[in-house]
Amino acid sequence: MSETAETIALSANELGGVGSSRFVRACLRQPVDRTPVWFLRQAGRYMPEYMAVRKHHSLLEICRTPAIAAEVTITAAERLGVDAAIIFADLLLPFTPMGVDFEFVAGEGPQVRTPVRTLTHVEALQTDRVGELGYVGESISRVVSHFSAPRADGDQLGIIGFCGAPFTLASYMIEGGSSRNYIHTKKMMYASGVSGGVDSTAWPLLMEKLVEVLAEFATQQVEGGADVVQIFDSWAGALSVEDYREFCLGPTTELVKRVQALGVPVIYFGVDTASLLPAMRETGADVIGLDWRTPLAEGWKAVGPGCAVQGNLDPIALFAPEEVLKARVAEVLRQAAGRNGHIFNLGHGIVPETPVENVIRVVEWVKEMSRR
Ligand code: CP3
């Protein structure tokens, strides 16, 4: 190494670069002193501190106000003692600058006013207003400065930015909300199989536009200081392996590559993905998030060597009696067997009624049980 390169490498470490965070090291399958731990939806409705903020602000107000989004993110990470903080935001935020109006309806989840169903709708989607999402990058900057000093154990907290995967976002746009059978989404996908047919170009154009917007959104978050980007393909499990490969693997791979080109590792997570894992791995993501249905060792085997995994305690195990919960945590760690490249997490998000003290216990157990 030349002297200059050496100096640069050294200062990257001193500045809190890759080497100083066990979470980022695990994403890159480097050795760690113990398994890093954080939780999907760690700053959510199960937490009284979040509900206190939520009393005065809507979900979207919290997301769009960097001081509040940062506070919610920081409070959850500190209360739980986790190794990484995911920025408080939502998958659907990019809909607004694309021209898709939506709202969160209490008890029913997101609702899109005019679902995107035809080529004309897709053509009308805007891709030149992504700058309007700058508030997420700004929230991240605030979290980064709060956690700029190493913690008591010398480790730097990891900061996670995130966005949706093209399929999962497309499904919300097309269905207009949550869905059971994804009929409209699949109709648009299948129409692209008939060359020259009505709306045959709608799906590929939608994928192209989403990848462009999401890559730019992720860029803003990395510029704000995110160490890692997680791509949520929450509903990929609705697809057969063949459909995933034919209609989604290409655009998702493109997104993963564009985010990795920014110099950060990518975590790619989906739910109900047992049969999709080998195809998901082909996106080239650094880490695959495993859902709770697949035993971790089996999931890791399906993902194959050369890739880290994140997961995968059943979030409902957080309601179990202490000794049962402890045994489940031990089992996840046993299956990971101390291999490099495991990040402890749930196999999906924390649900609203979860006892906070159980979440904190899990963090403590992972810290004790996984020490090398
Ligand atoms: O702590 C964190 O994890 C960060 C915050 C976060 C939120 N949404 C805030 C939120 C994250 C990472 C997301 C991602 C997200 N948003 C996903 C992927 C995660 C997954 O579970 O697979 C999805 C599918 C969405 C879309 C979305 N947002 C839905 C379907 C809902 C309604 C859920 C419900 O139970 O009502 C939301 C709302 C939402 N986003 C909440 C939170 C904390 C809860 C609602 C609220 O506070 O009013």
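The values are calculated or read from the model by the stated rules, or taken from the named source; none is laboratory data. In this text, all values refer to a predicted model and were calculated from it rather than measured experimentally. Virtual Cβ from ideal backbone geometry, glycine too; neighbours counted across all protein chains shown. Ligands, DNA and RNA are excluded from the accessible area calculation, which covers all protein heavy atoms including side chains. Shrake-Rupley method; radii C 1.70, N 1.55, O 1.52, S 1.80 Å.
Kirkwood radius and radius of gyration were both taken over the C-alpha atoms of region 64-199, and their ratio Rg/Rh is 1.09.
Put a plus charge on the Cβ of each Lys and Arg, a minus charge on the Cβ of each Asp and Glu, and nothing anywhere else: the dipole of region 179-309 about its Cα centre is then about 260 debye.
Select from S21, T118, Y135 the residue farthest towards the positive end of the dipole of the chain; place +1 on Cβ of Lys and Arg, -1 on Cβ of Asp and Glu, and compute about the Cα centre. Going by the Cα projections, it comes out as S21. Surface exposure of region 295-349, expressed per residue as accessible area with a 1.4 Å probe, stands at 41 Å². Peptide packing for 47-56, 210-219, 239-248 was compared via the average number of neighbouring C-beta atoms within 10 Å per residue; ordered from the highest value, the list is 210-219, 239-248, 47-56.
Convex hull volume of the C-alpha atoms in region 37-86, normalised per residue: 68 Å³. Just list whichever of K55/K209; K257/K301; K209/K301; K187/K301; K186/K209 have alpha carbons separated by over 26 Å in the model shown. Table pairs above 26 Å Cα-Cα are K55/K209; K209/K301; K187/K301. Using just the helices of the chain, give the 222 nm mean residue ellipticity in deg cm²/dmol: DSSP H runs with n ≥ 4 each add -39,500 (n - 2.57), and the total is spread over all residues, rounded to 500. Helices in the chain give a 222 nm mean residue ellipticity of -13000 deg cm²/dmol. Where both bridge residues fall in the chain, DSSP classifies roughly 15% of the beta bridges as antiparallel. Annotation for R334 and E364: the two label points, set 7 Å from Cα along the Cα-Cβ direction, are 2.3 nm apart. Altogether, the Stokes-Einstein calculation at 25 °C and 0.890 mPa s, with the Kirkwood radius of region 282-334 over Cα pairs as Rh, returns a diffusion coefficient of 206 µm²/s.
When you count the other C-beta atoms within 10 angstrom of each residue and take the mean per peptide, 350-362, 274-286 line up highest first as 274-286, 350-362.
When you work out D = kT/(6 pi eta Rh) for region 113-168 at 37 °C and 0.692 mPa s, using the Kirkwood radius from C-alpha pairs as Rh and the Stokes-Einstein form, the result is 220 µm²/s. Only alpha carbons enter this Debye calculation for region 172-277, each as an equal point scatterer, and the log10 of I(q)/I(0) it gives at q = 0.13, 0.19, 0.23 Å⁻¹ is -0.53, -1.05, -1.34. Work out the length of the dipole vector of the chain about its Cα centre, built from +1 on the beta-carbon of each Lys and Arg and -1 on the beta-carbon of each Asp and Glu, and round it to the nearest 20 debye. So the dipole magnitude of the chain works out to roughly 660 debye.
Distance distribution note for region 129-198: the fraction of Cα pairs above 21 angstrom is 56%.
Taken about its Cα centre, region 219-372 carries a charge dipole of roughly 560 debye when the Cβ of each Lys and Arg holds +1 and the Cβ of each Asp and Glu holds -1. Taking the square roots of five times each eigenvalue of the Cα gyration tensor of region 223-296, the equivalent ellipsoid has semi-axes of 21, 14, 9 Å, listed largest first. Taken along its principal axes, the alpha carbon cloud of region 233-372 reaches lengths of 45, 32, 26 Å, longest axis first. Heavy-atom surface analysis with a 1.4 Å probe gives the chain a carbon and sulfur content of 52 percent of its accessible area. Per residue, the convex hull spanned by the Cα atoms of the chain amounts to 141 cubic angstrom. Considering only K257, K187, K209, the mean-square fluctuation computed in a Gaussian network model of the chain, springs between alpha carbons under 10 angstrom, is largest for K187. In order along region 307-315, the Karplus-derived 3J(HN,Hα) couplings, from 6.51 cos²θ - 1.76 cosθ + 1.60 at θ = phi - 60°, round to 9, 7, 10, 10, x, 8, 4, 4, x Hz, and Gly and Pro are given as x.
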